[in-house]
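Please treat every number below as a calculation from the coordinates, not as lab data. Here the structure is a predicted model, which is why all the values come from computation and not from measurement. For neighbour counting, all protein chains shown are included, and Cβ atoms are generated from backbone atoms with ideal geometry for every residue, glycine included.
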Amino acid sequence: MIRKTALILLSLVLIALSFNPVQVQSKSDNAASFNDSVNVSFPGSITFNLDIDTERQIKDIRLHYIVERESFTDVTQEITVGFPMPIQPEMTVGWKWDMRTTGSLPSGTIIQYWWTVIDIENNLYRTETASVSFDDSGYNWKNITQNNITLYWYSGDDGFATDLMQTCQDTLLRLGEDTGAYLESPVRIYIYSSSYALREAIVFAKEWTGGVAYPSYGAIAIGISRSNMEWGRRALSHELAHLVTYQMTSNPYNSIPVWLNEGISMYAEGELEADYENYLKAAAVGGYLISVQSLCSPFSAYSDKSYLSYAESYSIVDFLIEKYGQQKIHQLLTVFKAGSTYDNALLEVYGYDLAGLNKQWQDYISAIYVS
Ligand SMILES: [Zn+2]
């Protein structure tokens, strides 16, 4: 919170500097008044409007906004907004933020914004900073909160929600015991009644989208009904683990290897499902395992290779936990948080680099599946 306040202050200073030597006026004076409003259309857009009532000639109108999220590159977005010429004494200007140009924001995202207007005498007017919550208001959301997790749902009884909350708490417990990872800050989970309802809440949803994690926003959106609870519990654990991993490792310098990120999420689901294990076993026996080095990059979109990549990621994380224990993998996450490279992090914690891990892990897998 302190960091955000500092950022906002910094951005105010920067705005004042960038318009130097403009004289800063209050929001309104006798010659000009401003009234701002905002219209949320979830998930597609937010429209910011400013009513201007002035005798003065205006030369510049800008909207400034900051999206609240965990990030090391928070910046104030600045939009120069057009206006009719000649200037009308009373006019409304606006800007529509089309989410199709930037990707989805999860429900509950807070956006702070303000307007600046400069007249031809270089007087700067600035509206008060306001905030808008980008909420999916299409449903009557209920919510429950436990240990840093707030779960929102609208379909199903209280038992449905407490069941899913228990899944979340069990996942946190498992991650804590086996990896030392935990949630450092609160997260929000939105349970839609089906995958279809979920996809309606996302711009550019893929037809197979069942759940989405927004790690830097501390949010998850997922479609779960009573009839697919088994899938739902696994998917929920998987996405929640992505938020935990992000909070444990995010830093301004480096991301973590994909096998570690996905491997922790697969591990959080519980035992590896039989389908995945079959892919793993077949690749071990057939001698076509994908190397740990290759799994540092985003996985193949081809279904067979994708299955194998997830299965291997589970297995690599399982290997590290089984062989070296909780303290070591926790140390690995901590070293990554400091911005280490992949090889250096592994060397520091386990005494070998990626190639070394690949050898150790393949030997371990072969001992299990290849006789
Ligand atoms: Zn994942």
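Per-residue HN-Hα couplings for segment 183-188, Karplus 6.51 cos²θ - 1.76 cosθ + 1.60 at θ = phi - 60°, whole Hz, x for Gly and Pro?
So the Karplus estimates, Gly and Pro as x, are 7, 7, 9, x, 10, 10 Hz.
Using DSSP to define loop residues, name the chymotrypsin sites (Phe, Trp or Tyr not before Pro) in segment 317-371 whose beta-carbon has at most 15 other beta-carbon atoms within 10 Å.
Qualifying residues, ordered by number: TYR352.
How many nm separate the modelled label positions at ASP158 and VAL203, each set 7 Å beyond the Cα in the direction of the Cβ?
Taking the two extended label points, one gets 3.9 nm.
What is the extension gain from SER41 to GLU55, computed as 0.36 nm multiplied by their sequence separation minus the C-alpha to C-alpha distance, in nm to one decimal?
1.7 nm
Mind listing the long-range amide H neighbours of SER45? Cut-off is under 5 Å, sequence gap 5 or more, other chains count too, H placed in the peptide plane at 1.01 Å from N.
Those qualifying (amide H under 5 Å, at least 5 residues apart or on another chain) are MET99.
Can you bin every Cα-Cα distance in segment 72-131 into 10 Å intervals starting at zero and give me the percent of pairs per bin, rounded to whole numbers?
14, 45, 28, 12, 1
Say each of ASP170 and GLU68 gets a label point 7 Å from the Cα, pointing the same way as Cα to Cβ; how far apart are those two points in nm?
A separation of 3.3 nm, rounded to one decimal place.
From zero up to wherever the largest Cα-Cα distance of the chain sits, split into 10 Å bins and tell me the percent of pairs in each.
Here the calculated profile for the chain is 5, 20, 25, 21, 15, 9, 4, 1, 0.
Would you mind checking which residues have amide H under 5 Å from VAL81's amide H? H placed 1.01 Å from N; only 5 or more apart, or other chain.
Excluding prolines and chain starts, which carry no amide H, the hits are ILE61, ARG62, LEU63.
Note down, for segment 229-371, the three equivalent ellipsoid semi-axes (square root of 5 times each alpha carbon gyration tensor eigenvalue), biggest first, whole angstrom.
Semi-axes from the Cα gyration tensor: 22, 19, 14 Å.
What ranking do 262-271, 89-98, 123-132 get when scored by the average of other Cβ atoms within 10 Å per residue, highest first?
Descending mean neighbour count gives 262-271, 123-132, 89-98.
Determine the calculated [θ] at 222 nm for the chain from helices alone, applying -39500 (n - 2.57) to every DSSP H run no shorter than 4 residues and normalising by the residue count; nearest 500 deg cm²/dmol.
Here the helix-only value at 222 nm equals -13000 deg cm²/dmol.
7 Å from Cα along Cα→Cβ at both ASN228 and VAL370: what's the point-to-point distance in nm?
3.7 nm
Output the peptides 215-225, 54-64 sorted from most to least packed, where packing is the average of other Cβ atoms within 10 Å over each peptide's residues.
The packing order, highest mean first, is 215-225, 54-64.
For all pairs of alpha-carbon atoms in segment 162-304, what percent lies in each bin of width 5 Å, listed from the first bin to the last filled one?
2, 9, 16, 21, 20, 17, 10, 4, 1
Can you give the Rg to Rh ratio for segment 324-371, taking only C-alpha atoms and Rh from Kirkwood?
1.07
Of LYS281/LYS337; LYS281/LYS323; LYS206/LYS359; LYS206/LYS305; LYS328/LYS359, which pairs sit farther than 28 Å apart, going by alpha carbon to alpha carbon?
LYS281/LYS337; LYS206/LYS359
Could you order peptides 246-256, 134-144 by the average number of other Cβ atoms within 10 Å of their residues, highest first?
Taking the mean over residues of other Cβ atoms within 10 Å, the ranking is 246-256, 134-144.
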